[in-house]
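Q: Take this structure, written in structure tokens, and hold onto it; I'll ask about it next.
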Amino acid sequence: MKWLFELEEDYKCILAEFINDDELKELKSELIEDKDFFDPRDLSKPRLRITKEGEIIVFQGYAWDGNSPKINFLDLFWIGTPDGIQTYNRPITYYASLIHDVLGQFKREPEMLSRFKSTELPDLWFSKGRRGRDGLYFSMLKHERFMFRHLYYLAVSLSGPLYDAYLALFKGVDFTAHGSRRT
């Protein structure tokens, strides 16, 4: 798999900028200590930390493909969802796609915070964890004043469950157990 982006330094997302005070208070009351999440193939250093202070820290070296869906075409160029205009030498959706991707990677961990809720959008039929992750993505895009945030929110909200269904039906992925996907 080819990745489009790789973090050159740790990134800290301060949730107080994106969720309301009640949600932050609830989050802090449920976290008695910082929680690290590791790639099951490399347990030597964490990829993600969620702190009891309400921060999400993604560690240097984390790689992702920006907004999905997107594929690398013959090592010539990328085809798929645009990442937006360059701001500060990064696409405008850079950090929102990073946080959405890393939370999605660990979404089935028992300790993962399934309580991210969208304060911007009404309840939808998606699971609370997905809705929260997508809502945080939307809030981060709104913070960046990204013009197409509603369209991108709709795209991630619809494509995630479809991708999970594809994995379950055609790749034999078992999503019933906690933890990482099992095949």
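The values are calculated or read from the model by the stated rules, or taken from the named source; none is laboratory data. Because the structure is predicted, anything quoted here is derived from the model rather than measured. As a convention, Cβ positions derive from the backbone with ideal geometry for all residues, glycine included, and neighbour counts pool all protein chains shown. For the accessible areas, the whole protein counts, side chains as well, though only heavy atoms, and no ligand, DNA or RNA atoms are used. Shrake-Rupley method; radii C 1.70, N 1.55, O 1.52, S 1.80 Å.
Q: Can you tell me which condition Y88 does not meet? The list is (1) at pLDDT 90 or above; (2) out of contact with any Gly (no Cβ under 9 Å at 6 or more places or on another chain); (3) under 18 Å from F146 (Cβ atoms), and all the others hold.
A: So the condition that Y88 fails would be (1).
Q: Which of the residues that make up the stretch 122-157 are at pLDDT 85 or above and open to solvent by 70 Å² or more (accessible area, probe 1.4 Å)?
A: K142, H143, E144, R145, M147, F148, H150, L151, L154
Q: Confirm whether K70 is more than 18 Å from E9 (Cα to Cα) and more than 16 Å from the chain's Cα centre (by Cα). Talk me through it step by step, then tell me what you get.
A: Numbers: more than 18 Å from E9 (Cα to Cα): yes; more than 16 Å from the chain's Cα centre (by Cα): no.
Criteria not met by K70.
Per-residue answers, yes or no, for (1) exposed (fewer than 15 other Cβ atoms within 10 Å of the Cβ); (2) free of Cβ contacts under 8 Å to residues at least 24 places away in the same chain; (3) farther than 29 Å from L154 by Cα:
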{"residue": "Y11", "(1), (2), (3)": "no, no, no"}
{"residue": "L27", "(1), (2), (3)": "no, no, no"}
{"residue": "K35", "(1), (2), (3)": "no, no, yes"}
{"residue": "L48", "(1), (2), (3)": "no, no, no"}
{"residue": "K52", "(1), (2), (3)": "yes, no, yes"}
{"residue": "I56", "(1), (2), (3)": "no, no, no"}
{"residue": "K70", "(1), (2), (3)": "no, no, no"}
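Q: If you go through the stretch 88-103 one residue at a time, do you hit one that is surrounded by 15 or more Cβ atoms within 10 Å (Cβ to Cβ), assigned to a loop (DSSP other than H, G, I, E, B) and either in contact with a strand residue (DSSP E or B) (Cβ under 6 Å, 6 or more places away or on another chain) or in contact (Cβ under 8 Å) with a residue 60 or more places away in the chain (or both)?
A: no
Q: Can you name the number of the only condition in (1) closer than 20 Å to R133 by Cβ; (2) part of a loop (DSSP other than H, G, I, E, B) that I56 fails?
A: The failed condition is (2).
Q: With respect to R115, is the statement that it is modelled with pLDDT under 75, surrounded by 13 or more Cβ atoms within 10 Å (Cβ to Cβ) and part of a helix (DSSP H, G or I) true?
A: Details: modelled with pLDDT under 75: yes; surrounded by 13 or more Cβ atoms within 10 Å (Cβ to Cβ): yes; part of a helix (DSSP H, G or I): no.
Here the answer is no, as R115 does not meet what is asked.
Q: Sticking with this structure for a sec: Could you please let me know if G66 is touching a residue at least 24 places away in the same chain (Cβ under 8 Å), small (G, A, S), open to solvent by less than 80 Å² (accessible area, probe 1.4 Å) and farther than 22 Å from G132 by Cα?
A: Numbers: touching a residue at least 24 places away in the same chain (Cβ under 8 Å): yes; small (G, A, S): yes; open to solvent by less than 80 Å² (accessible area, probe 1.4 Å): yes; farther than 22 Å from G132 by Cα: no.
When the stated conditions are applied, G66 does not pass them.
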